[in-house]
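These notes concern the structure reproduced below.
The values are calculated or read from the model by the stated rules, or taken from the named source; none is laboratory data. Please read these numbers as outputs of a predicted model, since none were measured by experiment. Glycine also receives a Cβ, built like all others from the backbone with ideal geometry; neighbour counts cover every protein chain displayed. When the accessible area is computed, the model is the full protein with side chains, heavy atoms only, and any ligands, DNA or RNA have been set aside. Shrake-Rupley method; radii C 1.70, N 1.55, O 1.52, S 1.80 Å.
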Amino acid sequence: MKDKIMARSILYIVFCFLGILVGRAQSTSDKELVVLQAPSDKFVSITLQTHKGLLRFGALNMYRGQATGQRQGIRGGRPVRGAGDPNGMQKSKTVASGMNNFALLVSLKYLQPFMKDLDRERLTTMTSNMSEKDANSAFLQRFLRRRVAPDLCLAEECKNAGQGKNEFEILRNYTSFVDNCLDPLLDWSKTVMKNDELVVYHVSILNIGGTYDFDKKGYTVYHLLKLNNIFPMKQGILNKVEFEPVKPFELALRNAVDKRMAIKFLLQIDEQMAEQFQKEGIRHLYAVKKIKVKWANKPMGAASDPLEFTYSHENADLEIYTDEALTQHFKTLSLADLTH
(Lines give C-alpha, C1' and ligand atoms only; values in the text may rest on other atoms or scores of the structure.)
Protein backbone atom coordinates (compact mmCIF):
# COMPACT_ATOMS: atom_id res chain seq x y z
CA MET A 1 0.00 0.00 0.00
CA LYS A 2 2.80 2.41 0.89
CA ASP A 3 4.50 1.61 -2.43
CA LYS A 4 1.29 2.39 -4.35
CA ILE A 5 0.82 5.66 -2.49
CA MET A 6 4.43 6.62 -3.18
CA ALA A 7 4.09 5.71 -6.86
CA ARG A 8 0.95 7.81 -7.16
CA SER A 9 2.70 10.71 -5.45
CA ILE A 10 5.60 10.50 -7.85
CA LEU A 11 3.24 10.43 -10.85
CA TYR A 12 1.36 13.41 -9.47
CA ILE A 13 4.60 15.37 -9.10
CA VAL A 14 5.67 14.44 -12.63
CA PHE A 15 2.34 15.53 -14.14
CA CYS A 16 2.47 18.78 -12.20
CA PHE A 17 5.99 19.41 -13.45
CA LEU A 18 4.94 18.71 -17.05
CA GLY A 19 1.99 21.04 -16.61
CA ILE A 20 4.33 23.81 -15.47
CA LEU A 21 6.56 23.25 -18.51
CA VAL A 22 3.60 23.36 -20.90
CA GLY A 23 2.31 26.51 -19.23
CA ARG A 24 5.68 28.15 -19.54
CA ALA A 25 5.95 27.18 -23.20
CA GLN A 26 2.55 28.65 -23.94
CA SER A 27 3.31 31.87 -22.12
CA THR A 28 6.65 32.17 -23.91
CA SER A 29 4.89 31.73 -27.26
CA ASP A 30 2.25 34.25 -26.31
CA LYS A 31 4.90 36.83 -25.47
CA GLU A 32 6.12 36.78 -29.06
CA LEU A 33 2.94 38.53 -30.21
CA VAL A 34 0.93 41.47 -28.92
CA VAL A 35 -2.59 42.39 -30.03
CA LEU A 36 -3.81 45.97 -30.30
CA GLN A 37 -7.50 45.51 -29.65
CA ALA A 38 -9.83 47.36 -32.02
CA PRO A 39 -12.15 49.88 -30.37
CA SER A 40 -15.19 48.01 -31.71
CA ASP A 41 -16.11 44.91 -33.68
CA LYS A 42 -16.36 47.08 -36.79
CA PHE A 43 -12.57 46.98 -37.11
CA VAL A 44 -9.80 44.38 -37.16
CA SER A 45 -7.51 44.03 -34.18
CA ILE A 46 -3.81 44.38 -35.00
CA THR A 47 -1.31 41.61 -34.22
CA LEU A 48 2.35 42.64 -33.97
CA GLN A 49 5.54 40.75 -33.20
CA THR A 50 7.65 41.60 -30.18
CA HIS A 51 11.20 41.01 -29.01
CA LYS A 52 12.18 41.27 -25.36
CA GLY A 53 8.92 43.00 -24.55
CA LEU A 54 9.08 45.68 -27.28
CA LEU A 55 7.57 45.82 -30.75
CA ARG A 56 9.68 44.26 -33.48
CA PHE A 57 10.12 46.11 -36.79
CA GLY A 58 12.12 45.52 -39.94
CA ALA A 59 12.69 41.86 -40.88
CA LEU A 60 9.93 39.81 -39.24
CA ASN A 61 9.77 36.19 -38.21
CA MET A 62 7.88 34.60 -41.09
CA TYR A 63 7.81 31.17 -39.41
CA ARG A 64 9.88 29.42 -42.04
CA GLY A 65 11.89 26.28 -41.40
CA GLN A 66 10.94 25.88 -37.74
CA ALA A 67 10.28 22.21 -37.26
CA THR A 68 8.12 21.23 -34.33
CA GLY A 69 10.19 21.12 -31.16
CA GLN A 70 13.29 22.51 -32.89
CA ARG A 71 14.71 25.92 -33.59
CA GLN A 72 16.38 26.90 -36.81
CA GLY A 73 19.91 28.16 -36.37
CA ILE A 74 23.44 26.86 -36.07
CA ARG A 75 22.18 23.44 -35.02
CA GLY A 76 18.79 23.64 -36.69
CA GLY A 77 19.82 22.52 -40.17
CA ARG A 78 19.17 24.22 -43.46
CA PRO A 79 15.96 26.28 -43.42
CA VAL A 80 13.11 24.84 -45.45
CA ARG A 81 10.37 27.27 -46.44
CA GLY A 82 7.02 26.26 -44.97
CA ALA A 83 8.37 23.23 -43.11
CA GLY A 84 7.34 22.33 -39.58
CA ASP A 85 4.62 24.56 -38.18
CA PRO A 86 1.36 23.93 -40.11
CA ASN A 87 0.11 27.33 -38.96
CA GLY A 88 3.24 29.11 -40.13
CA MET A 89 1.76 30.52 -43.34
CA GLN A 90 -1.29 31.90 -41.55
CA LYS A 91 0.85 33.37 -38.76
CA SER A 92 3.13 35.06 -41.28
CA LYS A 93 0.10 36.58 -43.04
CA THR A 94 -1.26 37.77 -39.71
CA VAL A 95 1.91 39.59 -38.66
CA ALA A 96 2.49 41.01 -42.17
CA SER A 97 -1.03 42.46 -42.27
CA GLY A 98 -0.55 43.61 -38.67
CA MET A 99 2.47 45.69 -39.64
CA ASN A 100 0.58 47.16 -42.60
CA ASN A 101 -2.43 48.01 -40.43
CA PHE A 102 -0.26 49.56 -37.73
CA ALA A 103 1.31 51.77 -40.39
CA LEU A 104 -2.19 52.73 -41.51
CA LEU A 105 -3.03 53.90 -37.99
CA VAL A 106 0.21 55.89 -37.80
CA SER A 107 -0.61 57.52 -41.14
CA LEU A 108 -4.14 58.36 -39.98
CA LYS A 109 -2.76 59.96 -36.84
CA TYR A 110 -0.46 62.36 -38.65
CA LEU A 111 -2.86 63.11 -41.50
CA GLN A 112 -5.52 64.42 -39.12
CA PRO A 113 -4.62 68.12 -39.63
CA PHE A 114 -5.73 67.70 -43.27
CA MET A 115 -9.03 66.03 -42.45
CA LYS A 116 -10.65 69.47 -42.35
CA ASP A 117 -10.27 69.51 -46.16
CA LEU A 118 -12.00 66.15 -46.61
CA ASP A 119 -15.34 66.35 -48.40
CA ARG A 120 -17.52 64.00 -46.36
CA GLU A 121 -20.59 64.26 -48.58
CA ARG A 122 -19.32 64.05 -52.17
CA LEU A 123 -16.43 62.39 -53.94
CA THR A 124 -13.84 64.90 -55.11
CA THR A 125 -13.03 64.79 -58.82
CA MET A 126 -9.39 65.11 -59.80
CA THR A 127 -8.67 68.03 -62.16
CA SER A 128 -5.52 69.72 -63.44
CA ASN A 129 -6.28 73.06 -61.78
CA MET A 130 -7.91 71.96 -58.52
CA SER A 131 -7.46 73.98 -55.32
CA GLU A 132 -5.19 72.87 -52.49
CA LYS A 133 -8.24 71.92 -50.41
CA ASP A 134 -9.72 69.81 -53.20
CA ALA A 135 -6.35 68.16 -53.85
CA ASN A 136 -6.12 67.18 -50.19
CA SER A 137 -9.68 65.89 -50.26
CA ALA A 138 -9.07 63.78 -53.37
CA PHE A 139 -5.88 62.30 -51.91
CA LEU A 140 -7.49 61.49 -48.55
CA GLN A 141 -10.56 59.94 -50.17
CA ARG A 142 -8.39 57.70 -52.31
CA PHE A 143 -6.33 56.67 -49.27
CA LEU A 144 -9.41 55.98 -47.13
CA ARG A 145 -11.35 54.10 -49.81
CA ARG A 146 -8.48 52.04 -51.25
CA ARG A 147 -6.39 51.31 -48.15
CA VAL A 148 -8.01 52.11 -44.83
CA ALA A 149 -11.51 50.76 -45.40
CA PRO A 150 -10.59 47.38 -46.94
CA ASP A 151 -7.72 46.70 -44.52
CA LEU A 152 -8.97 48.02 -41.18
CA CYS A 153 -12.72 47.46 -41.46
CA LEU A 154 -14.86 44.38 -40.88
CA ALA A 155 -18.40 45.79 -40.91
CA GLU A 156 -20.19 46.06 -44.23
CA GLU A 157 -21.06 49.69 -43.52
CA CYS A 158 -17.42 50.71 -43.77
CA LYS A 159 -15.29 48.09 -45.53
CA ASN A 160 -17.07 48.71 -48.85
CA ALA A 161 -16.14 52.39 -48.98
CA GLY A 162 -14.37 51.93 -52.29
CA GLN A 163 -16.92 49.59 -53.86
CA GLY A 164 -20.19 50.01 -55.77
CA LYS A 165 -21.98 48.94 -58.93
CA ASN A 166 -22.89 52.48 -59.94
CA GLU A 167 -22.11 56.04 -58.91
CA PHE A 168 -25.04 56.18 -56.47
CA GLU A 169 -24.00 53.03 -54.63
CA ILE A 170 -20.36 54.16 -54.63
CA LEU A 171 -21.33 57.44 -52.99
CA ARG A 172 -23.59 55.70 -50.44
CA ASN A 173 -20.77 53.33 -49.47
CA TYR A 174 -18.33 56.21 -49.08
CA THR A 175 -20.66 58.34 -46.94
CA SER A 176 -21.54 55.26 -44.84
CA PHE A 177 -17.86 54.81 -44.07
CA VAL A 178 -17.38 58.48 -43.22
CA ASP A 179 -20.51 58.68 -41.05
CA ASN A 180 -20.01 55.44 -39.13
CA CYS A 181 -16.33 54.58 -39.11
CA LEU A 182 -13.95 57.43 -39.90
CA ASP A 183 -14.07 59.27 -36.56
CA PRO A 184 -13.66 56.09 -34.45
CA LEU A 185 -10.66 55.17 -36.61
CA LEU A 186 -9.16 58.63 -36.15
CA ASP A 187 -9.65 58.34 -32.38
CA TRP A 188 -8.01 54.91 -32.41
CA SER A 189 -5.03 56.28 -34.33
CA LYS A 190 -4.36 58.76 -31.52
CA THR A 191 -3.46 55.85 -29.22
CA VAL A 192 -0.39 54.83 -31.25
CA MET A 193 3.02 56.49 -30.89
CA LYS A 194 2.13 58.22 -27.65
CA ASN A 195 4.19 61.37 -27.13
CA ASP A 196 5.05 61.05 -30.83
CA GLU A 197 7.75 58.45 -30.20
CA LEU A 198 8.17 54.70 -30.06
CA VAL A 199 11.00 52.57 -28.62
CA VAL A 200 11.28 49.33 -30.59
CA TYR A 201 13.68 46.65 -31.76
CA HIS A 202 14.67 46.79 -35.40
CA VAL A 203 15.86 43.66 -37.21
CA SER A 204 17.97 43.81 -40.35
CA ILE A 205 19.70 41.13 -42.40
CA LEU A 206 23.46 40.71 -42.71
CA ASN A 207 24.36 38.78 -45.86
CA ILE A 208 27.32 36.43 -45.43
CA GLY A 209 27.05 34.74 -48.80
CA GLY A 210 30.25 36.30 -50.12
CA THR A 211 33.83 35.03 -50.08
CA TYR A 212 35.33 34.28 -46.69
CA ASP A 213 38.43 36.37 -45.88
CA PHE A 214 40.95 33.89 -44.48
CA ASP A 215 43.44 36.62 -43.62
CA LYS A 216 41.01 38.75 -41.62
CA LYS A 217 38.93 35.80 -40.40
CA GLY A 218 35.49 36.98 -41.41
CA TYR A 219 33.06 38.36 -43.97
CA THR A 220 32.67 41.88 -45.27
CA VAL A 221 29.06 42.88 -44.57
CA TYR A 222 26.87 45.96 -44.86
CA HIS A 223 24.49 47.38 -42.28
CA LEU A 224 21.92 49.89 -43.56
CA LEU A 225 21.18 52.94 -41.45
CA LYS A 226 18.23 53.92 -43.65
CA LEU A 227 15.20 52.24 -42.11
CA ASN A 228 12.28 52.96 -44.40
CA ASN A 229 10.99 49.43 -43.75
CA ILE A 230 9.78 50.43 -40.26
CA PHE A 231 6.43 51.50 -41.72
CA PRO A 232 5.58 49.36 -44.78
CA MET A 233 4.95 51.12 -48.07
CA LYS A 234 1.87 49.03 -48.91
CA GLN A 235 -0.49 51.34 -47.08
CA GLY A 236 -0.26 54.03 -49.80
CA ILE A 237 1.41 56.79 -47.79
CA LEU A 238 5.11 57.50 -48.22
CA ASN A 239 6.82 57.31 -44.82
CA LYS A 240 10.44 58.42 -44.47
CA VAL A 241 12.49 57.39 -41.43
CA GLU A 242 15.80 59.25 -41.31
CA PHE A 243 18.76 58.50 -39.07
CA GLU A 244 19.28 61.39 -36.63
CA PRO A 245 22.44 60.92 -34.54
CA VAL A 246 22.26 61.80 -30.86
CA LYS A 247 25.19 60.01 -29.22
CA PRO A 248 28.88 60.39 -30.22
CA PHE A 249 29.11 56.88 -31.69
CA GLU A 250 26.12 57.70 -33.90
CA LEU A 251 27.89 60.73 -35.31
CA ALA A 252 30.83 58.47 -36.18
CA LEU A 253 28.44 56.04 -37.88
CA ARG A 254 26.92 58.79 -39.99
CA ASN A 255 30.37 59.91 -41.10
CA ALA A 256 31.22 56.36 -42.20
CA VAL A 257 28.19 55.61 -44.41
CA ASP A 258 28.29 55.14 -48.15
CA LYS A 259 25.81 56.49 -50.71
CA ARG A 260 23.23 53.90 -49.67
CA MET A 261 23.48 54.98 -46.02
CA ALA A 262 25.20 51.69 -45.26
CA ILE A 263 28.08 50.87 -42.93
CA LYS A 264 30.68 48.48 -44.32
CA PHE A 265 32.50 46.40 -41.72
CA LEU A 266 34.22 43.08 -41.07
CA LEU A 267 32.08 40.50 -39.30
CA GLN A 268 34.62 38.23 -37.66
CA ILE A 269 33.77 34.52 -37.70
CA ASP A 270 36.35 31.80 -37.17
CA GLU A 271 36.95 29.30 -39.98
CA GLN A 272 35.27 26.40 -38.22
CA MET A 273 32.06 28.32 -37.60
CA ALA A 274 32.07 29.81 -41.13
CA GLU A 275 32.35 26.32 -42.60
CA GLN A 276 29.54 25.10 -40.37
CA PHE A 277 27.36 27.97 -41.59
CA GLN A 278 28.06 26.99 -45.20
CA LYS A 279 27.26 23.33 -44.57
CA GLU A 280 23.95 24.24 -42.96
CA GLY A 281 23.01 26.67 -45.71
CA ILE A 282 23.15 29.76 -43.50
CA ARG A 283 23.80 32.66 -45.87
CA HIS A 284 22.55 35.54 -43.74
CA LEU A 285 22.32 36.54 -40.10
CA TYR A 286 19.92 38.83 -38.23
CA ALA A 287 21.14 42.05 -36.63
CA VAL A 288 18.97 43.47 -33.85
CA LYS A 289 19.22 46.91 -32.30
CA LYS A 290 17.09 48.96 -29.95
CA ILE A 291 16.00 52.29 -31.43
CA LYS A 292 13.72 55.22 -30.71
CA VAL A 293 11.48 56.38 -33.56
CA LYS A 294 10.14 59.94 -33.35
CA TRP A 295 7.76 62.07 -35.39
CA ALA A 296 9.91 64.66 -37.17
CA ASN A 297 7.19 67.31 -36.66
CA LYS A 298 8.07 69.08 -39.90
CA PRO A 299 5.42 71.27 -41.56
CA MET A 300 3.55 69.46 -44.32
CA GLY A 301 2.31 71.48 -47.27
CA ALA A 302 -0.17 68.87 -48.50
CA ALA A 303 -1.74 65.58 -47.44
CA SER A 304 0.27 63.83 -50.16
CA ASP A 305 3.62 64.94 -48.70
CA PRO A 306 5.74 62.17 -47.12
CA LEU A 307 5.26 61.57 -43.41
CA GLU A 308 8.71 62.08 -41.90
CA PHE A 309 10.16 60.37 -38.85
CA THR A 310 13.61 60.16 -37.30
CA TYR A 311 15.33 57.47 -35.28
CA SER A 312 18.33 57.11 -33.01
CA HIS A 313 19.89 54.20 -31.13
CA GLU A 314 19.03 53.58 -27.50
CA ASN A 315 22.45 51.95 -27.01
CA ALA A 316 25.38 50.71 -29.09
CA ASP A 317 24.54 46.99 -28.91
CA LEU A 318 24.09 45.11 -32.18
CA GLU A 319 22.86 41.61 -31.30
CA ILE A 320 23.48 38.97 -33.96
CA TYR A 321 21.22 35.92 -34.31
CA THR A 322 21.36 33.01 -36.74
CA ASP A 323 17.59 32.58 -37.08
CA GLU A 324 14.74 34.93 -37.96
CA ALA A 325 12.84 33.86 -34.84
CA LEU A 326 15.73 35.36 -32.80
CA THR A 327 16.14 32.30 -30.61
CA GLN A 328 19.76 31.44 -31.50
CA HIS A 329 22.07 34.21 -30.30
CA PHE A 330 25.44 34.24 -32.06
CA LYS A 331 27.35 37.25 -30.76
CA THR A 332 27.04 40.86 -29.64
CA LEU A 333 28.78 43.64 -31.54
CA SER A 334 29.11 47.29 -30.63
CA LEU A 335 28.08 49.98 -33.11
CA ALA A 336 30.73 52.12 -31.44
CA ASP A 337 33.51 49.67 -32.29
CA LEU A 338 32.88 48.15 -35.71
CA THR A 339 35.89 47.31 -37.85
CA HIS A 340 35.24 49.53 -40.87
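The packing ranking, built from the mean of other Cβ atoms within 10 Å per residue, places the peptides 130-136, 106-112 in the order 106-112, 130-136, highest first. Taken about its Cα centre, segment 80-149 carries a charge dipole of about 220 debye when Lys and Arg each add +1 at the Cβ and Asp and Glu each add -1 at the Cβ.
Counting only lysines at least 8 places from K91 when in the same chain, those with an alpha carbon closer than 18 Å to its own are K31. Given axes a ≥ b ≥ c from the Cα gyration tensor, I'd like to know whether segment 183-251 is rounded (a/c under 1.5), prolate (a/b larger than b/c) or oblate. Note, shape of segment 183-251 comes out prolate.
A straight Cα-to-Cα reach below 19 Å connects K52 with the aspartates and glutamates D30, E32, E197, E314, D317, E319, D323, E324, residues fewer than 8 places away in its own chain not being considered. In this structure, the residue pairs whose Cα-Cα separation is over 24 Å, taken from K109/K165; K116/K298; K159/K290, are K109/K165; K159/K290.
Which of rounded, prolate, oblate describes segment 196-340, given a ≥ b ≥ c as roots of the alpha-carbon gyration tensor eigenvalues and a/c under 1.5 marking rounded, otherwise prolate only if a/b is larger than b/c? The shape class here is prolate.
Hey, what did segment 122-241 get for relative contact order, percent, Cα under 8 Å, at least 6 apart? Spell out each step's value before the answer.
Working: 93 pairs, mean separation 18.9, N = 120.
Averaging sequence separation for qualifying contacts and normalising by length gives 16 percent for segment 122-241.
Evaluate the relative contact order of segment 176-277 (contact order divided by residue number), counting alpha-carbon pairs under 8 angstrom at least 6 apart; express in whole percent.
Working: 83 pairs, mean separation 29.3, N = 102.
Worked out over segment 176-277, it gives 29 percent.
Counting only heavy atoms of the protein chains, get the accessible area per residue of segment 228-272 (1.4 Å probe) and round it to a whole Å² value.
Working: 2600 Å² over 45 residues.
Per-residue value: 58 Å².
So, with a 1.4 angstrom probe, what is the percent of accessible area on segment 153-252 that is carbon and sulfur? Working shown, then result.
On the way: 2680 of 5280 Å².
That share works out to 51 percent.
Relative contact order of segment 194-340: 30 percent, from C-alpha pairs under 8 Å at least 6 residues apart in sequence.
A simple rule links phi to the HN-Hα coupling: the Karplus curve 6.51 cos²θ - 1.76 cosθ + 1.60 with θ = phi - 60°, which for segment 306-316 gives x, 7, 10, 10, 10, 9, 9, 8, 6, 7, 8 Hz, with x for Gly and Pro.
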